[in-house]
Amino acid sequence: MNSVDPAPPYFDVSVKQAKQPKSYEELEKILLDEKQSLFERYRAMFTLRDLDTNTAVDILCKGFKNDKSALFKHEIAFVLGQMLNEHAVNSLIGVLRDNSEHEMVRHEAAEALGAIAKDQVLPILNEYKEDEQTVVKESCQVALDMHEYWNSEEVDNVFE
């Protein structure tokens, strides 16, 4: 990944450490506490992303329900798309289906589903490719293209 995070994770998970400096419980508390600075909440988010476990996904997905900030929920969906963890699919589908959710959050959920590229996301992306909100509709169309690409022989040939 060539992008630069706006806040560093709490620790580098690629370095084998005897003990994580922060537990899942501590990371969850920071992530979901709207009184914490955005910088610290992002650090928790990127740490959970880098841990890349189903537990980390579950904690990140709690942010969809517990946060008032559309921007923050958009970032959660973006991070879940980076993780490519199939465990996030049901939560992302729930966000995409929620017409009361901000279109920016729904758009990022659609693109995350396209990045995860599992066949189970096709019906929902096809359903919402005609959404009333243009950004959601177009994101579903892009996500369908992403799904097709990631499941194509072209990609298989790259990794051979």
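Points worth noting:
- C-alpha long axis of helix 103-116 to longest principal axis of the chain, angle in °: 80 degrees
- The chain, relative contact order in percent, only Cα pairs under 8 angstrom and at least six apart counted: 16 percent
- Flagged links, alpha-carbon separation over 31 Å, of Lys62/Lys118; Lys35/Lys137; Lys68/Lys118; Lys65/Lys129; Lys35/Lys118: Lys35/Lys137; Lys35/Lys118
- Burial ordering of Ser23, Ser139, Ser91, Ser100, fewest other beta-carbon atoms within 10 Å first: Ser100, Ser23, Ser91, Ser139
- You can think of it this way: the chain between Asn151 and Phe39 has 36.7 nm of extra reach, that is 0.36 nm per residue less the Cα-Cα gap.
- Here is how the number arises for the chain: DSSP H runs of 4 or more residues each give -39500 (n - 2.57), the sum is divided by the residue count, and the result at 222 nm is -19500 deg cm²/dmol.
- Equivalent ellipsoid, the chain (semi-axes from 5 times Cα gyration tensor eigenvalues, Å): 27, 20, 12
Computed from the coordinates by the stated procedures, all read-outs in this text should not be read as laboratory data. Since the structure is predicted, the reported quantities are computational estimates derived from the model, not experimental observations. Please note: Cβ atoms are built from the backbone with ideal geometry, for glycine as well, and neighbour counts cover all protein chains shown.
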